[in-house]
Amino acid sequence: MMKSINNQVRSVCQLLAIPQLAIPSYQRPYRWGAKNISDLFTDLATHQDKSAYRLGSVVFHQHADSKRGEMLDIVDGQQRTLTLMLTVKALIEVLDDETRSGKEKCTRFQRQDLRKQLQDLRGPIDEFMQRERFPSRDSEYNLRRNYLELRRLVARLDFDEQQIDFLLNRCQVVCFVLQDISEAFQFFDSQNARGRDLAPHDLLKAFHLREFAEHEANLKAEAVAHWERLPSDDLANLFALYLYRVRQWAEGKSARYFGKGEVDLFKGVNLDRVGHYPYVESLRIAHHFVDEYNSQYQRKIDGQRMTFPFHLDQMIINGRRFFEMAEFYQTRVAAIVAEESDSGKTQSATLLGETLTPMASKVLSTLGSYERRHRTGDRYVRAMFDCALIFYIDKFGSQGLSLAIEKCFIWAYRCRIRQQVVQLATMDNYVLEHNLVRAIRDARMPGDLHGFPLPSMSSRENKNNRNGAEDELVGLFREMKYYE
């Protein structure tokens with residue numbers, strides 16, 4: 001059955017009748033809403049006079065499950081397939097309702113072939129719904145909401161036999177079945193690239209899937225699960241606003257735009273292919289040791305776990321470690337930025353569980369609440385602050401964290417106060433001329449940063465004060481003895 005559908009056109013009825021359909025755990029949440037459903041049915045209504053209408057493709061990864069046997073994981077086409085399944089389930093329920101009420105003779109279900117098709121799909125759909133588990137609450141909410149909306153839609157009398165027949169038998173998808181998950185992901189990327197340009201992080205995903213070690217092939221789905229669950233915008237921001245800038249600024253290089261031409265910065269070494277050069281051995285040791293350290297046996301010894309053994313500015317190990325890096329830093333960035341933002345509501349006393357000094361707490365509180373924080377220039381300056389602080393925490397953890405917060409604040413927002421307009425180039429040039437990020441890279445101890453020059457400012461340098469009134473940022477500078 002599975003091999004026979006590869007590279008074959010199947011009707012919606014044939015697609016939903018496949019008993020081995022499954023949603024893998026790494027899939028993004030089901031997010032279709034009312035507009036997506038409306039667009040789908042508008043599209044169907046527009047083309048229902050055609051003998052056949054192609055809805056697109058569905059990419060499957062075929063694999064063996066120890067409990068369920070051979071399965072077809074939906075790699076691409078999840079949103080559309082689930083919506084079609086909900087639609088047919090709604091049709092079955094409406095048919096049942098009208099049958100029970102004795103109205104079947106005067107409804108759109110008079111054709112026996114359509115009634116039989118719907119009845120035959122009941123089993124596969126019910127089994128799928130009972131079998132599959134959706135870890136995301138968003139998925140559960142959207143599935144329930146869309147099902148209720150589809151029930152109302154198909155219950156309308158203008159959804160007639162002609163439309164049902166068109167949906168089940170003349171709407172089609174092209175099915176592709178691949179045996180290797182990396183090939184399935186790469187095929188997914190190539191399918192989605194048609195008609196649009198792939199984002200840099202999409203190119204990196206395809207590259208590092210190809211770089212997976214052969215003996216780690218069974219870990220691909222688990223390693224990429226977090227990546228697949230993230231919205232594309234979150235991944236784009238992770239690389240463009242944080243990882244790219246930190247790595248470039250730490251080297252004293254410009255970091256204005258992260259595009260396809262810059263993706264090589266996140267391509268490192270493949271430990272299975274690179275030679276035994278001295279510079280690689282420390283990476284190889286850490287790569288193999290961390291798995292041993294995190295093993296069940298080792299965790300019983302000290303109860304500790306090493307989440308990710310490398311750092312922001314280190315050479316990347318291709319394949320699995322790249323996806324672990326993305327997951328680690330996305331989680332870290334989200335936690336830091338979220339805690340900073342929440343601190344605007346109340347003066348936070350902690351960051352990442354570390355107790356802060358009153359002044360450090362006041363800095364975070366002010367950054368999350370001051371009036372002009374949403375201006376474009378202020379967002380650039382906030383990005384400078386976040387990058388420096390994230391890099392500091394990545395290197396020194398919570399040691400000296402309060403002083404680091406104060407230092408990063410004075411360094412970044414000195415640029416804001418001295419400039420009437422802060423543009424992307426302004427931010428980039430300022431970092432390269434007063435490079436705290438590189439100073440963090442070169443520091444051996446947190447105290448080494450005490451000597452980084454941060455001269456105080458005079459009121460004559462304040463170009464960001466249009467009305468002459470002292471704002472919250474200047475107030476902090478004055479309180480910290482950096483403003484005269």
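The values are calculated or read from the model by the stated rules, or taken from the named source; none is laboratory data. Note that the structure is predicted; figures quoted are calculated from it, not measured. As a convention, Cβ positions derive from the backbone with ideal geometry for all residues, glycine included, and neighbour counts pool all protein chains shown. Each accessible area value is taken on the protein alone, full model and side chains, heavy atoms only, with ligands, DNA and RNA left out. Shrake-Rupley method; radii C 1.70, N 1.55, O 1.52, S 1.80 Å.
General remarks:
- Contacts under 8 angstrom Cβ, first residue in the stretch 315-333 being over 13 Å from ALA225 (Cα atoms) and modelled with pLDDT under 90, partner assigned to a helix (DSSP H, G or I) and among the β-branched types (Val, Ile, Thr), 6 or more apart: ARG332/ILE390; ARG332/ILE393; VAL333/ILE390
- Pairs are defined by a Cβ separation below 7 Å, a sequence spacing of at least 6 or placement on different chains, a first member in the stretch 439-459 that is closer than 21 Å to LYS481 by Cβ, and a second member that is part of a strand (DSSP E or B) and aromatic (Phe, Trp, Tyr); the pairs so defined are SER456/TYR483; MET457/TYR483.
- Note on the stretch 235-269: residues that are among the acidic types (Asp, Glu) and within 20 Å of the chain's Cα centre (by Cα) amount to 1.
- Of all residues making up the stretch 46-82, the number that are β-branched (Val, Ile, Thr) and modelled with pLDDT of 85 or more: 4
- Of all residues in the stretch 163-200 being within 17 Å of LYS220 (Cα to Cα) and modelled with pLDDT of 75 or more, the one that is least open to solvent (accessible area, probe 1.4 Å): LEU178
- Residue selected from the stretch 20-45 under the condition of a type in the set (A, V, I, L, M, F, W, C), modelled with pLDDT of 85 or more and in contact with a strand residue (DSSP E or B) (Cβ under 8 Å, 6 or more places away or on another chain), by the criterion surrounded by the most Cβ atoms within 10 Å (Cβ to Cβ): LEU21
- Close contacts from the stretch 364-382, counting a first residue that is more than 12 Å from LEU473 (Cβ to Cβ) and a second that is of a type in the set (Ser, Thr, Tyr) and at pLDDT below 90, with Cβ to Cβ under 6 Å and a gap of 6+ residues or different chains, come to LEU364/SER343; LEU364/SER348; SER365/SER343; GLY368/SER341; GLY368/SER343.
- Filtered residues of the stretch 46-82 (kept if closer than 23 Å to VAL9 by Cβ, touching a strand residue (DSSP E or B) at 6+ places or on another chain (Cβ under 8 Å) and hydrophobic (A, V, I, L, M, F, W, C)): ALA52, LEU55, VAL58, VAL59, PHE60, MET71, LEU72, ILE74, VAL75
- Breaking point among (1) touching a residue at least 24 places away in the same chain (Cβ under 8 Å); (2) within 20 Å of ILE18 (Cβ to Cβ), for GLY33: (2)
- Candidate set from the stretch 388-432 (those that are open to solvent by 30 Å² or more (accessible area, probe 1.4 Å) and in contact (Cβ under 8 Å) with a residue 60 or more places away in the chain); member that is nearest to GLN330 (Cα to Cα): LYS395
- Selection of first residues in the stretch 156-178 that are within 14 Å of LEU91 (Cβ to Cβ) and among the acidic types (Asp, Glu) and of second residues that are open to solvent by 40 Å² or more (accessible area, probe 1.4 Å) and not in a helix (DSSP H, G or I), restricted to Cβ pairs under 9 Å at least 6 apart or on distinct chains, gives the following pairs, ordered by first then second residue: GLU161/GLN110; GLU161/ARG111; ASP165/ARG111.
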